[in-house]
Amino acid sequence: MQNQIVIVGGGAGGLELAAMLGRRLGPREGPRKVLLVDRAVFHLWKPSLHEVAAGSLDARQEGLSYLMLARRNHFRFLLGEVEALEPGARRLRLVETRDADGSLLIGARVVDFDRLVLATGAGSHLFGTPGAAEHAWLLENVADAEAFHRRLAALFLSSAYDGRRRLKVAIVGAGATGVELSTELIEGHAALSSALDPAERFDLEVTIAEAGPRILGGLPDAVADKAARALQARGVRLAVNAKVTRVRPDGLDTSLGDIPADLIVWAAGVKAGDENTTFGLATGRLNQFLVNDRLQTSAEGVYAMGDCAEAPGPDGRPVPARAQAASQQALYLAKALTRSGDPGPYRYRDRGSLISLGAGHGLGSLMGGLAGPNFLIEGLLARWAYISLHLAHHRIVVGSRRTVLLALSRLFQRRASGRLKLH
């Protein structure tokens, strides 16, 4: 079967694009013309991974089934992972899918397309740091976050009941993921401590190592300064200008000296997968597909969007790897792929940035609108604005009514079972 539009990658941008295309084409044409391919069976908004890692979010409860989403939004879903791309033949080759025990579930397949959108995302950039791949935890997908949480929960419990008085966690990278993870860890530890006997309580020491001169390098100075003060007030140690030169099983070697740690998380840098360079498309230094101002790659009929694409930005630099960029690109391609004629160039618009500092706390810089070209929000207002971004994504893929139900379900579940999960 010839698929008119195939989207590879069901992250924030890819899923939103599939949902918008399916609804635009309708229940009769959508399933025949739009196919989404992903290697997972359910979707989780990637900015939530730090919550899964810390144990404050249950991925199985929060995750959305691709098959359910496909039925509601009039597209088809195919479980699979791309092995090869033949741009000239307009053909994808998918590897076989196996169960956890190695048994074959789905054989290798070939998928033909008229137009292809690559939305495969990106992973961590280890910068060739010795020991990073062996000793640091990555948070690139749900499996990573759940594996990290299992180890964290084990260390929490052993610290409480086996006489350990201090647990040390080191986070490499002071971007949004590193900062937000640190606050979730602090709040999770506080929740656990409140339930323990005083004799069983232990200290949690969280250190963020950042190679740059300050945390949150992509955000305005005012936001970064406020975030730094908030983190330090919660006991997070900030080691800036600390380039990590080696990752050991028991800590970090940095340009500022040794940082001991029982648990290490790598949250620095973004780099697309090496497999991108084998697809016959032009790629940049971070393995991202090079696209023009219409998000077209070097091959006709093949587009790329989100973190896997290096798109030209308004200031001459590439569009940043952010969820808002992927969402904007999804909206642009939904129009470009369903309208005749030239839609005009894609232009990235920075709407600002929001950082969660735990329940009821947040910081943000919003671009344009209420108070001039750039204004700051903080506290509960910023936290609500942060949550609204997640709800806006859900509204696109499941609709307004179901988004409200999902939000209420998450709230009531937390009230009933508590914020921290140790299972």
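What to note about this one:
- The chain: antiparallel DSSP beta bridges as a percent of all, rounded to 5: 50
- Modelled FRET efficiency - R0 45 Å, residue 342 with residue 93, Cβ distances, 0.05 increments: 0.90
- Point-to-point label distance, residue 233-residue 194, nm (Cα→Cβ direction, 7 Å offset): 1.8
- Label point at residue 203 placed 7 Å out along Cα→Cβ; residues across the range 155-194 whose backbone nitrogen lies under 11 Å: 165-168
- For the range 236-315, averaging the sequence separation of C-alpha pairs within contact (under 8 Å, six or more residues apart) and dividing by the residue count gives a relative contact order of 16 percent.
- Counting 0.36 nm for each residue step from residue 400 to residue 294 and taking away their Cα separation leaves a gain of 35.2 nm.
- Total lysine pairs under 30 Å (Cα atoms) in the chain, excluding pairs fewer than 8 apart on one chain: 17
- Helix 176-195 and the long axis of the chain differ in direction by around 50°, with both axes built from C-alpha atoms.
- Largest first and in whole Å, the equivalent-ellipsoid semi-axes of the range 257-340 read 30, 16, 12, each the square root of five times a Cα gyration tensor eigenvalue.
- Once the Cα-Cα distance is subtracted from the 0.36 nm per residue extended length, the residue 105 to residue 166 segment shows a gain of 17.5 nm.
- Nearest-ten-degree value, helix 12-33 long axis tilted from longest Cα axis of the chain: 30
- Range of Cα positions in the range 196-264 per principal axis (Å), largest first: 43, 29, 15
- For the range 82-176, the convex hull drawn through the C-alpha positions has a volume of 176 cubic angstrom per residue.
- Against the empirical 2.2 N^0.38 Å (N residues), the range 1-155 has a Cα radius of gyration ratio of 1.15.
- Protein accessible area in the chain, 1.4 Å probe - carbon and sulfur %: 53
- Solvent-accessible surface of the chain, taken per residue with a 1.4 Å probe and all protein chains present: 46 Å².
- Using only alpha carbons, the range 1-46 has a radius of gyration to Kirkwood radius ratio (Rg to Rh) of 0.97.
- Whole-number D in µm²/s for the range 142-291 (Stokes-Einstein; Kirkwood sum over Cα pairs; 10 °C, 1.306 mPa s): 93
- Potential extension, residue 278-residue 147 segment - 0.36 nm per residue separation minus Cα distance: 44.2 nm
- Take 302-308, 44-50, 208-214, 33-39 and order them by the average number of nearby Cβ atoms within 10 Å per residue, most first; the result is 302-308, 33-39, 44-50, 208-214.
- Rg in Å to one decimal, and Dmax rounded to a whole Å, for the chain via C-alpha atoms: 21.9, 71
- C-alpha long axis of helix 221-233 to longest principal axis of the chain, angle in °: 40
- Think of it as helices only: each DSSP H run of n ≥ 4 in the chain is worth -39500 (n - 2.57), and spread over all residues that comes to -11500 deg cm²/dmol at 222 nm.
The values are calculated or read from the model by the stated rules, or taken from the named source; none is laboratory data. Only a predicted model underlies this, so the values are computations on that prediction, with no experimental measurement involved. Methodologically, a virtual Cβ is constructed for each residue, glycine included, from the backbone with ideal geometry; neighbour enumeration extends over all protein chains shown. Just the protein is used for accessible areas: all its heavy atoms, side chains included, with ligands, DNA and RNA removed. Shrake-Rupley method; radii C 1.70, N 1.55, O 1.52, S 1.80 Å.
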